Amino acid sequence: MSVNKGKVITDFDVNLLLKRGVAEILIEDEMVELLRSGKKLRLKEGFDPSSPDIHLGHMVALKKLRQFQELGHQVILIVGDWTAQIGDPSGISVTRPMLSQEQVQANAETYMKQFFKIVDKSRAEVRWQSEWYGNFTLSNVIQLTSKFTVAQMLAREDFSNRYNAGQPITITELLYPLLQAYDSVAVRADVEFGGTDQKFNLLVGRELQSTAGQNPQQVFLVPILTGTDGTMKMSKSLGNYIGVTELPNEIYGKAMSIPDSLILEYFELLTDYSEKELEVFRQEIKDETTNPMILKKRLARDIVSQLYDQTAANEAEENFAKLVQNREIPDEIPEYHISISELTTKKDGKDSINISKLLVLTKLVKSRSEASRLIAQDAVSINGENISGNIALVKSGSIIRVGKRRFAKIVNSDNLK
RNA sequence: GGAGGGGUGCCGGAGUGGUUAAUCGGAGCAGUCUGUAAAAUUGCCGCCCGGAAGGGCUACGCAGGUUCGAAUCCUGCCCCCUCCA
């Protein structure tokens, strides 16, 4: 097979590619035609390194890209080092803080590693916006902006909502879709991938490509993954996300904590379980013949093994069973070396330790005020025994537990001095 | 440039001189329950000192001022929104 060609594809491929985990394709007929043409397609997806973590929400589209790669197509990842400075206004109701060059640079570095947990590096091309925007002049900007009208921009729902609600929209934000669109021109994209909230931006790309004499790209929209809270979209800023570089135990645990209502959505968008299998799951949930927890465990295991491997997944599952389901103490507890004598006071002739100070030192809590509250709420235990006051006996080797999941093992550093 | 409206804790949003660390809702944390789900329910939800009792500090855009006392009144400044130009 020629390197310039994508694989000849079957109906099965088309169905998998264009149906599973896909929200909308514009223009679908053209997309199918492109795939059948055998042309090696240039698939673009842009990322704003506005925060340093890629999470499962991003994984939906990345998995799609991966599928296309397996059919021989070329992925072009755009590092949005310029647009990140603006902050994507899509679906956001307020202006985002602008980031510094340095910040963006640092985030972008860590992004790379994360991309290639899912995307095949050998069939991907990484392009930085600064490649073309670095030399952009004001006259380029004027030329670019002259092609679009305010009315066009206000056609976008989140802009018009904000406008109507009397919330500020900065001019740089209006620039965002244009910059993203120009990326498509710069890399001559055949298809651009994004979440459904990206629809407007991707469509602007089509228009701009047309005016530049290129074939307008196909717009490939994947669903927005719901976050672990079960209501809002997964996003870093909402804190309801599972990062792809988190540790296996964390990923597993967070996956287990999603509401039941999300199980099928996650299976569909994040795993390769076949449609048939999904149908079985759906039925089982509906008929209540299977405890949703069992299905969730399968889901959690699958996600971990995709991001790590089978072994890690099994370990995470064991860990979960022990730690969470049986409320045991984990095998490995972070140790803290502290000087017990410095924290010790005499009370009733016995040596005792100020627990709230200890909790702050071990970083188990943020402040002494918080520590006092948690103690009062029976959330703190030492070697399995709840403590009732701020004073208790702690020895070298004592295990402190705060809430369900926070642990620390105390190691006395006195005799090391 | 002119007129009007507004800036309150993570978010939304009350409060217009006095137990106000600031009603209420959401988010979050913790307890009970449990499948680390949901629902329910209880409590917490600025920081510091103190074993505790208790005490102190900081906070309602920023900076001053009036007052025994201000998120609340006054002055200046900054920012946002709407309408007019």
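Work out, step by step, the length gained on full extension between A:Tyr336 and A:Phe136: first 0.36 nm times the residue separation, then minus their alpha carbon distance; give nm to one decimal.
Details: separation 200, 0.36 × 200 = 72.00 nm, distance 5.26 nm.
The span from A:Tyr336 to A:Phe136 would gain 66.7 nm if fully extended.
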Using the C-alpha atoms of chain A, what convex hull volume per residue, in cubic angstrom, is computed?
198
Under a crude label model (7 Å from the Cα following the beta-carbon direction), how far is A:Gln101 from A:Lys322 in nanometres?
5.0
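So, with a 1.4 angstrom probe, what is the percent of accessible area on chain A that is carbon and sulfur?
Numbers: 10770 of 20840 Å².
About 52 percent, which is the carbon plus sulfur part of the accessible surface.
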Once normalised by the length of segment A:335-416, the mean sequence separation of its alpha carbon contacts under 8 Å that are 6 or more apart gives a contact order in percent of 35
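Using 0.36 nm per residue, how much length does the chain from A:Met232 to A:Ser413 gain when fully extended, once their Cα-Cα distance is taken away? Provide the component values of the computation, followed by the final result.
Values: separation 181, 0.36 × 181 = 65.16 nm, distance 4.59 nm.
Roughly 60.6 nm would be gained on extension.
Could you compute the FRET efficiency for A:Lys395 and A:Ser257, with r as their C-beta to C-beta distance and R0 at 60 Å, rounded to 0.05? Mind dumping the intermediate values first?
Details: r = 34 Å, r/R0 = 0.56.
Efficiency, from the Cβ-Cβ distance: 0.95.
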Between A:Leu18 and A:Gln283, what is the label-point separation in nm under the 7 Å Cα-to-beta-carbon projection?
2.9
Over segment A:248-325, with neighbouring protein chains present, the accessible area per residue in Å² at probe 1.4 Å is 50
Once you put a point 7 Å from the Cα of A:Met293 and another 7 Å from the Cα of A:Ser367, both along the Cβ direction, what distance in nm separates them?
3.7
Applied in sequence order to segment A:129-137, the curve 6.51 cos²θ - 1.76 cosθ + 1.60 (Karplus, θ = phi - 60°) yields integer Hz couplings, x standing for Gly and Pro, of 4, 4, 3, 9, 7, x, 9, 5, 10
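Using a 1.4 angstrom probe with every protein chain in place, what is the largest-first accessible-area order of A:Met232, A:Met293?
Details: A:Met232 95, A:Met293 60 Å².
In descending accessible area the options line up as A:Met232, A:Met293.
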Across A:Gly243, A:Gly253, A:Gly213, the residue with the highest GNM fluctuation in chain A (Cα network, 10 Å cutoff) is A:Gly213
From the cross-link list A:Lys121/A:Lys254; A:Lys40/A:Lys236; A:Lys233/A:Lys357; A:Lys113/A:Lys395, which pairs have alpha carbons spaced over 31 Å apart?
A:Lys40/A:Lys236; A:Lys233/A:Lys357; A:Lys113/A:Lys395
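Taking the Cα centre of chain A as origin, work out the dipole magnitude from +1 charges on Lys and Arg Cβ and -1 charges on Asp and Glu Cβ, in debye rounded to 20.
Numbers: 51 positive and 55 negative charges, 182 e Å.
About 880 debye.
Can you run the Rg to Rh ratio on segment A:248-325? Use alpha carbon positions and the Kirkwood inverse-distance Rh. Working shown, then result.
Working: Rg = 12.0 Å, Rh = 12.6 Å.
Taking Rh as the inverse mean 1/r over Cα pairs, Rg/Rh reads 0.96.
Please give the length that would be gained between A:Lys117 and A:Asn164 if that part of the chain were fully extended, namely 0.36 nm times their separation in residues minus their C-alpha to C-alpha distance (nm, one decimal). Could you put the intermediate results ahead of the total?
Working: separation 47, 0.36 × 47 = 16.92 nm, distance 4.16 nm.
So the chain would gain 12.8 nm between A:Lys117 and A:Asn164.
The values are calculated or read from the model by the stated rules, or taken from the named source; none is laboratory data. None of these values were measured; they are calculated from a predicted model. Neighbour counts run over all protein chains shown; Cβ positions are idealised from the backbone, glycine included. What goes into the accessible areas is simple: the full protein's heavy atoms, side chains included, and nothing from ligands, DNA or RNA. Shrake-Rupley method; radii C 1.70, N 1.55, O 1.52, S 1.80 Å.
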